[in-house]
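The values are calculated or read from the model by the stated rules, or taken from the named source; none is laboratory data. Keep in mind that what you see is a predicted model, and the values were worked out from it rather than measured. Glycine also receives a Cβ, built like all others from the backbone with ideal geometry; neighbour counts cover every protein chain displayed. Ligands, DNA and RNA are stripped out before the accessible areas are found, and what is left, the full protein with its side chains, is counted by its heavy atoms. Shrake-Rupley method; radii C 1.70, N 1.55, O 1.52, S 1.80 Å.
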Amino acid sequence: MDVREQLTSCTRLVAILGHPVRHSRSPALHNAAFAAQGLDMVYLAFDVPGEQLTAAVAGLKALGVVGANITVPHKETVVPLLDTLDSTAQKVGAVNTVVYRDGALVGYNTDVYGFLMALQRGWGRGPRDATCLVLGAGGAARAVVAGLLAENAAQVLVYNRTLARARDLCTAAAAWGTTPCRVVTDNDLPALADRVDLIVNCTAIGLEEGVKVSPVPVDILRGHHMVLDLVYGREPTTLLQAARQRGCTVMDGLEMLVQQAARAFEIWTDRAAPIELMRETVMSV
Ligand code: NAP
(Lines give C-alpha, C1' and ligand atoms only; values in the text may rest on other atoms or scores of the structure.)
Protein backbone atom coordinates (compact mmCIF):
# COMPACT_ATOMS: atom_id res chain seq x y z
CA MET A 1 0.00 0.00 0.00
CA ASP A 2 1.16 3.55 -0.70
CA VAL A 3 2.30 4.90 2.68
CA ARG A 4 0.62 8.24 1.93
CA GLU A 5 -2.78 6.54 2.12
CA GLN A 6 -2.12 5.88 5.81
CA LEU A 7 -1.46 9.52 6.70
CA THR A 8 -4.36 11.22 8.46
CA SER A 9 -5.14 14.71 9.73
CA CYS A 10 -3.94 13.44 13.15
CA THR A 11 -0.59 12.08 11.91
CA ARG A 12 2.22 13.50 14.08
CA LEU A 13 5.57 14.58 12.73
CA VAL A 14 9.14 13.74 13.67
CA ALA A 15 11.67 15.74 11.61
CA ILE A 16 15.37 15.48 10.96
CA LEU A 17 17.16 18.80 10.43
CA GLY A 18 20.58 18.69 8.75
CA HIS A 19 22.63 20.06 5.86
CA PRO A 20 23.17 17.97 3.81
CA VAL A 21 20.54 15.43 4.81
CA ARG A 22 19.75 13.58 1.60
CA HIS A 23 22.12 10.72 2.49
CA SER A 24 20.25 10.00 5.74
CA ARG A 25 18.73 6.57 6.30
CA SER A 26 16.90 7.76 9.42
CA PRO A 27 13.57 8.35 7.60
CA ALA A 28 13.52 4.75 6.34
CA LEU A 29 14.33 3.21 9.70
CA HIS A 30 12.00 5.35 11.81
CA ASN A 31 9.07 5.12 9.39
CA ALA A 32 9.47 1.32 9.39
CA ALA A 33 9.48 1.33 13.22
CA PHE A 34 6.42 3.64 13.48
CA ALA A 35 4.49 1.46 11.00
CA ALA A 36 5.46 -1.78 12.77
CA GLN A 37 4.18 -0.41 16.08
CA GLY A 38 0.97 1.00 14.57
CA LEU A 39 1.91 4.58 15.52
CA ASP A 40 0.22 7.40 13.60
CA MET A 41 3.55 9.18 13.14
CA VAL A 42 5.70 10.08 10.16
CA TYR A 43 9.41 10.97 9.93
CA LEU A 44 10.55 13.48 7.31
CA ALA A 45 13.95 14.94 6.40
CA PHE A 46 14.47 18.71 6.04
CA ASP A 47 17.61 20.22 4.51
CA VAL A 48 18.16 23.27 6.72
CA PRO A 49 21.17 25.52 6.09
CA GLY A 50 22.74 27.17 9.13
CA GLU A 51 21.07 30.55 8.59
CA GLN A 52 17.63 28.88 8.74
CA LEU A 53 18.21 26.76 11.85
CA THR A 54 16.67 29.23 14.32
CA ALA A 55 13.51 29.53 12.23
CA ALA A 56 13.33 25.77 11.70
CA VAL A 57 13.61 25.05 15.44
CA ALA A 58 10.95 27.66 16.22
CA GLY A 59 8.84 25.92 13.57
CA LEU A 60 9.10 22.59 15.42
CA LYS A 61 7.40 24.23 18.38
CA ALA A 62 4.87 26.12 16.30
CA LEU A 63 3.82 22.92 14.52
CA GLY A 64 3.68 20.85 17.70
CA VAL A 65 5.89 18.05 16.42
CA VAL A 66 6.61 14.93 18.49
CA GLY A 67 10.31 15.64 18.19
CA ALA A 68 13.29 15.76 15.89
CA ASN A 69 16.75 14.52 15.13
CA ILE A 70 19.48 17.09 14.63
CA THR A 71 22.37 16.13 12.40
CA VAL A 72 25.51 17.50 10.75
CA PRO A 73 26.38 20.41 11.08
CA HIS A 74 23.83 21.62 13.65
CA LYS A 75 24.37 19.44 16.74
CA GLU A 76 26.21 22.13 18.69
CA THR A 77 24.57 25.27 17.25
CA VAL A 78 21.11 23.94 18.13
CA VAL A 79 21.88 23.87 21.86
CA PRO A 80 21.03 27.53 22.69
CA LEU A 81 17.81 27.25 20.68
CA LEU A 82 16.34 24.60 23.01
CA ASP A 83 14.51 25.07 26.33
CA THR A 84 16.29 22.39 28.39
CA LEU A 85 18.87 19.64 27.99
CA ASP A 86 19.21 16.23 29.60
CA SER A 87 22.40 15.67 31.59
CA THR A 88 24.34 13.92 28.78
CA ALA A 89 23.52 16.60 26.20
CA GLN A 90 24.41 19.26 28.75
CA LYS A 91 27.78 17.64 29.40
CA VAL A 92 28.63 17.02 25.74
CA GLY A 93 27.31 20.37 24.50
CA ALA A 94 25.75 18.65 21.47
CA VAL A 95 22.22 17.43 20.77
CA ASN A 96 21.06 14.85 18.23
CA THR A 97 17.53 14.21 19.54
CA VAL A 98 14.81 16.66 20.56
CA VAL A 99 11.46 15.91 22.13
CA TYR A 100 8.67 18.50 22.35
CA ARG A 101 7.12 17.88 25.75
CA ASP A 102 4.80 20.09 27.85
CA GLY A 103 5.46 23.11 25.66
CA ALA A 104 9.26 22.79 25.85
CA LEU A 105 11.90 21.52 23.43
CA VAL A 106 14.17 19.14 25.37
CA GLY A 107 17.55 18.14 23.91
CA TYR A 108 19.15 14.72 24.32
CA ASN A 109 22.35 13.15 23.06
CA THR A 110 21.80 9.52 22.09
CA ASP A 111 25.05 9.38 20.06
CA VAL A 112 27.04 8.60 23.23
CA TYR A 113 24.94 5.51 23.87
CA GLY A 114 24.85 4.59 20.16
CA PHE A 115 28.62 4.82 19.82
CA LEU A 116 29.33 2.62 22.85
CA MET A 117 26.76 -0.01 21.82
CA ALA A 118 28.11 -0.12 18.25
CA LEU A 119 31.71 -0.37 19.45
CA GLN A 120 30.83 -3.28 21.71
CA ARG A 121 29.19 -5.07 18.79
CA GLY A 122 31.97 -4.38 16.27
CA TRP A 123 34.99 -4.87 18.53
CA GLY A 124 33.55 -7.29 21.06
CA ARG A 125 34.70 -5.04 23.91
CA GLY A 126 34.40 -1.51 25.24
CA PRO A 127 37.14 1.15 25.25
CA ARG A 128 38.33 0.53 28.84
CA ASP A 129 42.16 0.85 29.00
CA ALA A 130 42.39 1.51 25.24
CA THR A 131 44.44 4.27 23.61
CA CYS A 132 41.99 5.99 21.27
CA LEU A 133 42.60 8.31 18.32
CA VAL A 134 39.54 10.46 17.59
CA LEU A 135 39.46 12.16 14.18
CA GLY A 136 37.35 15.33 14.26
CA ALA A 137 36.17 17.70 16.97
CA GLY A 138 32.55 18.47 16.03
CA GLY A 139 29.32 17.31 17.64
CA ALA A 140 29.88 13.61 16.91
CA ALA A 141 33.46 13.74 18.21
CA ARG A 142 32.24 15.32 21.45
CA ALA A 143 29.81 12.42 21.94
CA VAL A 144 32.52 9.84 21.16
CA VAL A 145 35.04 11.44 23.54
CA ALA A 146 32.39 11.60 26.28
CA GLY A 147 31.69 7.88 25.77
CA LEU A 148 35.40 7.00 25.84
CA LEU A 149 35.89 8.90 29.10
CA ALA A 150 32.75 7.45 30.68
CA GLU A 151 34.12 3.96 29.99
CA ASN A 152 37.64 4.74 31.28
CA ALA A 153 39.71 4.63 28.10
CA ALA A 154 43.44 4.86 28.89
CA GLN A 155 44.08 7.92 26.72
CA VAL A 156 42.24 9.97 24.10
CA LEU A 157 44.12 11.70 21.26
CA VAL A 158 42.15 14.26 19.23
CA TYR A 159 43.20 15.06 15.65
CA ASN A 160 41.29 17.78 13.80
CA ARG A 161 41.74 20.12 10.85
CA THR A 162 40.95 23.14 13.04
CA LEU A 163 43.33 22.92 15.99
CA ALA A 164 41.43 25.40 18.16
CA ARG A 165 38.32 23.22 18.02
CA ALA A 166 40.35 20.15 19.07
CA ARG A 167 41.79 22.16 21.97
CA ASP A 168 38.29 23.26 23.05
CA LEU A 169 37.15 19.62 23.04
CA CYS A 170 40.11 18.48 25.19
CA THR A 171 39.52 21.36 27.60
CA ALA A 172 35.85 20.39 27.96
CA ALA A 173 36.77 16.70 28.33
CA ALA A 174 38.90 17.45 31.38
CA ALA A 175 35.62 17.75 33.30
CA TRP A 176 34.12 14.51 31.91
CA GLY A 177 36.41 11.94 33.52
CA THR A 178 39.97 11.17 34.54
CA THR A 179 41.22 9.86 31.16
CA PRO A 180 43.88 12.20 29.74
CA CYS A 181 42.78 13.84 26.49
CA ARG A 182 45.24 15.75 24.27
CA VAL A 183 45.46 17.28 20.82
CA VAL A 184 47.71 15.60 18.24
CA THR A 185 48.89 16.83 14.84
CA ASP A 186 50.28 15.22 11.67
CA ASN A 187 53.79 15.27 13.12
CA ASP A 188 52.74 13.19 16.14
CA LEU A 189 50.91 10.45 14.25
CA PRO A 190 53.74 8.15 13.01
CA ALA A 191 55.20 7.78 16.51
CA LEU A 192 51.77 7.10 18.04
CA ALA A 193 50.51 4.55 15.52
CA ASP A 194 51.83 1.44 17.26
CA ARG A 195 50.38 2.48 20.63
CA VAL A 196 46.88 3.24 19.34
CA ASP A 197 44.19 0.55 19.79
CA LEU A 198 41.09 2.31 18.45
CA ILE A 199 40.60 4.90 15.69
CA VAL A 200 37.19 6.60 15.34
CA ASN A 201 36.48 8.85 12.36
CA CYS A 202 34.11 11.60 13.50
CA THR A 203 34.86 13.97 10.61
CA ALA A 204 32.45 14.47 7.74
CA ILE A 205 35.09 13.15 5.30
CA GLY A 206 33.58 10.24 3.39
CA LEU A 207 30.05 11.63 3.63
CA GLU A 208 30.25 12.86 0.06
CA GLU A 209 30.22 9.75 -2.10
CA GLY A 210 32.92 9.53 -4.75
CA VAL A 211 35.36 11.77 -2.83
CA LYS A 212 38.37 9.50 -2.26
CA VAL A 213 40.01 11.15 0.74
CA SER A 214 41.01 9.65 4.08
CA PRO A 215 40.74 11.79 7.22
CA VAL A 216 44.16 10.51 8.35
CA PRO A 217 47.25 9.32 6.42
CA VAL A 218 46.55 5.62 5.79
CA ASP A 219 50.17 4.57 6.41
CA ILE A 220 49.56 4.96 10.16
CA LEU A 221 47.06 2.07 10.08
CA ARG A 222 48.22 -1.14 11.78
CA GLY A 223 46.67 -4.61 11.74
CA HIS A 224 45.83 -4.48 15.47
CA HIS A 225 43.72 -1.30 15.09
CA MET A 226 39.96 -1.27 15.50
CA VAL A 227 38.75 1.37 13.01
CA LEU A 228 35.21 2.70 13.39
CA ASP A 229 34.06 5.21 10.79
CA LEU A 230 30.89 7.02 11.83
CA VAL A 231 30.21 7.78 8.17
CA TYR A 232 28.07 5.26 6.32
CA GLY A 233 27.14 4.92 2.67
CA ARG A 234 26.73 2.44 -0.17
CA GLU A 235 30.50 1.90 -0.45
CA PRO A 236 33.02 1.57 2.40
CA THR A 237 34.85 4.88 2.92
CA THR A 238 38.44 5.33 1.73
CA LEU A 239 39.54 5.02 5.37
CA LEU A 240 37.72 1.71 5.87
CA GLN A 241 38.94 0.29 2.56
CA ALA A 242 42.56 1.06 3.51
CA ALA A 243 42.06 -0.25 7.04
CA ARG A 244 40.61 -3.52 5.78
CA GLN A 245 43.54 -3.95 3.36
CA ARG A 246 45.93 -3.55 6.30
CA GLY A 247 44.17 -6.20 8.36
CA CYS A 248 42.38 -3.91 10.83
CA THR A 249 39.01 -4.74 12.36
CA VAL A 250 36.59 -2.30 10.70
CA MET A 251 33.05 -1.05 11.18
CA ASP A 252 31.06 1.70 9.46
CA GLY A 253 28.49 4.03 11.04
CA LEU A 254 25.35 1.99 10.36
CA GLU A 255 25.23 0.15 13.70
CA MET A 256 25.72 3.41 15.61
CA LEU A 257 22.94 4.92 13.50
CA VAL A 258 20.63 2.06 14.52
CA GLN A 259 21.57 2.23 18.21
CA GLN A 260 21.23 6.00 18.57
CA ALA A 261 17.94 5.80 16.65
CA ALA A 262 16.58 3.10 18.96
CA ARG A 263 17.19 5.35 21.99
CA ALA A 264 15.61 8.32 20.20
CA PHE A 265 12.56 6.18 19.32
CA GLU A 266 12.17 5.30 23.01
CA ILE A 267 12.41 8.97 24.03
CA TRP A 268 9.71 10.02 21.54
CA THR A 269 7.31 7.12 22.12
CA ASP A 270 8.00 5.69 25.61
CA ARG A 271 8.07 2.26 23.95
CA ALA A 272 10.82 -0.31 23.40
CA ALA A 273 12.28 0.14 19.91
CA PRO A 274 11.95 -2.68 17.34
CA ILE A 275 15.71 -2.69 16.93
CA GLU A 276 16.04 -5.78 14.73
CA LEU A 277 13.55 -4.30 12.25
CA MET A 278 15.42 -0.98 12.35
CA ARG A 279 18.72 -2.76 11.66
CA GLU A 280 17.27 -4.80 8.78
CA THR A 281 15.72 -1.65 7.31
CA VAL A 282 18.93 0.42 7.26
CA MET A 283 20.91 -2.48 5.83
CA SER A 284 18.44 -2.85 2.96
CA VAL A 285 18.20 0.87 2.01
P1 NAP B 1 30.19 18.65 12.63
O2 NAP B 1 29.85 19.07 14.00
O3 NAP B 1 29.86 19.54 11.48
O4 NAP B 1 31.79 18.35 12.61
C5 NAP B 1 32.40 18.01 11.40
C6 NAP B 1 33.82 17.54 11.66
O7 NAP B 1 34.38 17.13 10.39
C8 NAP B 1 34.75 18.63 12.19
O9 NAP B 1 35.73 18.04 13.01
C10 NAP B 1 35.38 19.19 10.90
O11 NAP B 1 36.63 19.79 11.09
C12 NAP B 1 35.56 17.90 10.12
N13 NAP B 1 35.62 18.13 8.67
C14 NAP B 1 34.58 18.43 7.85
N15 NAP B 1 35.03 18.56 6.58
C16 NAP B 1 36.36 18.33 6.62
C17 NAP B 1 37.39 18.31 5.63
N18 NAP B 1 37.11 18.54 4.35
N19 NAP B 1 38.65 18.03 6.02
C20 NAP B 1 38.94 17.78 7.33
N21 NAP B 1 38.00 17.79 8.31
C22 NAP B 1 36.74 18.05 7.96
O23 NAP B 1 29.53 17.24 12.28
P24 NAP B 1 29.19 16.03 13.27
O25 NAP B 1 27.79 16.15 13.70
O26 NAP B 1 30.28 15.96 14.27
O27 NAP B 1 29.25 14.77 12.27
C28 NAP B 1 30.49 14.31 11.77
C29 NAP B 1 30.28 13.06 10.93
O30 NAP B 1 29.83 11.98 11.76
C31 NAP B 1 29.24 13.21 9.84
O32 NAP B 1 29.72 12.55 8.69
C33 NAP B 1 28.03 12.49 10.37
O34 NAP B 1 27.22 11.97 9.34
C35 NAP B 1 28.69 11.37 11.17
N36 NAP B 1 27.83 10.86 12.25
C37 NAP B 1 27.35 9.59 12.17
C38 NAP B 1 26.57 9.08 13.20
C39 NAP B 1 26.05 7.68 13.13
O40 NAP B 1 25.11 7.36 13.85
N41 NAP B 1 26.64 6.83 12.32
C42 NAP B 1 26.25 9.87 14.30
C43 NAP B 1 26.77 11.15 14.36
C44 NAP B 1 27.55 11.64 13.31
P45 NAP B 1 36.75 21.34 11.43
O46 NAP B 1 36.53 21.46 12.93
O47 NAP B 1 38.13 21.68 11.01
O48 NAP B 1 35.70 22.05 10.63
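Using a Förster distance of 35 angstrom, determine the FRET efficiency expected from the C-beta separation of THR54 and THR8, and round it to 0.05.
Details: r = 30 Å, r/R0 = 0.87.
Calculated value: 0.70.
If each residue of separation counts as 0.36 nm, what is the full-extension length gain between ARG125 and ALA35 once their alpha-carbon separation is subtracted? It would help to have the intermediate numbers written out before the result.
On the way: separation 90, 0.36 × 90 = 32.40 nm, distance 3.35 nm.
Extra length from ARG125 to ALA35 when fully extended: 29.1 nm.
Using θ = phi - 60° and the Karplus curve 6.51 cos²θ - 1.76 cosθ + 1.60, what whole-Hz ³J(HN,Hα) does each residue of the stretch 271-283 get, with Gly and Pro shown as x?
10, 5, 7, x, 5, 5, 4, 5, 5, 4, 5, 5, 5
Can you tell me which of ILE199, ILE220, ILE267 moves the most in a GNM of the chain? Springs connect C-alpha atoms under 10 Å apart.
Residue with maximal mean-square fluctuation among ILE199, ILE220, ILE267: ILE220.
Using a Förster radius of 41 Å, what is the FRET efficiency between LEU44 and GLN241 based on their Cβ-Cβ separation? Nearest 0.05, please. Provide the component values of the computation, followed by the final result.
Details: r = 33 Å, r/R0 = 0.80.
Plugging the Cβ-Cβ distance into 1/(1 + (r/R0)^6) gives 0.80.
Which value, in debye to the nearest 20, gives the size of the charge dipole of the stretch 112-252 about its Cα centre, when Lys and Arg are +1 and Asp and Glu are -1 at the Cβ?
On the way: 14 positive and 13 negative charges, 28 e Å.
So the magnitude is around 140 debye.
Just ASP102, ASP219, ASP229 to compare: in a GNM of the chain, with alpha carbon springs under 10 Å, which one fluctuates most?
Sorting by GNM fluctuation, first place goes to ASP102.
Considering only DSSP beta bridges whose two residues both sit in the chain, what percent are antiparallel, to the nearest 5? Numbers along the way, then the final one.
Details: 8 of 40 bridges.
Bridges in the chain that DSSP calls antiparallel: roughly 20 percent.
Between the stretch 11-76 and the stretch 112-149, what is the C-alpha centre distance in whole Å?
25
State, as an integer percentage, the relative contact order of the stretch 175-285 based on alpha-carbon contacts under 8 Å between residues 6 or more apart.
The value is 19 percent.
Would you compute, from DSSP H runs of 4+ residues alone, the mean residue ellipticity of the chain at 222 nm, taking -39500 (n - 2.57) per run and dividing by the full residue count, rounded to the nearest 500?
Details: 10 runs with 102 residues, N = 285.
That comes out to -10500 deg cm²/dmol.
Solvent-accessible area per residue for the stretch 112-252 at a 1.4 Å probe radius, Å²?
On the way: 6250 Å² over 141 residues.
On a per-residue basis, the stretch 112-252 sits at 44 Å².
When a/c is below 1.5 the answer is rounded, else prolate if a/b is larger than b/c, else oblate, so apply that to the stretch 137-285 with a ≥ b ≥ c taken from the square roots of the Cα gyration tensor eigenvalues. Working shown, then result.
Working: a/c = 1.92, a/b = 1.24, b/c = 1.54.
It comes out oblate by the Cα gyration axes.
In a GNM of the chain with a 10 Å cut-off on Cα contacts, which of THR54, THR237, THR131 has the highest mean-square fluctuation?
Largest GNM mean-square fluctuation: THR54.
With a 1.4 Å probe and every protein chain kept in, tell me what percent of the accessible surface of the chain is carbon plus sulfur. List each step's numbers first, then the result.
Working: 6500 of 12820 Å².
Answer for the chain is 51 percent, counting heavy atoms of protein chains only.
Could you check the spin-label model distance between ASP219 and THR77? Points 7 Å from the Cα along Cα→Cβ, value in nm.
3.8
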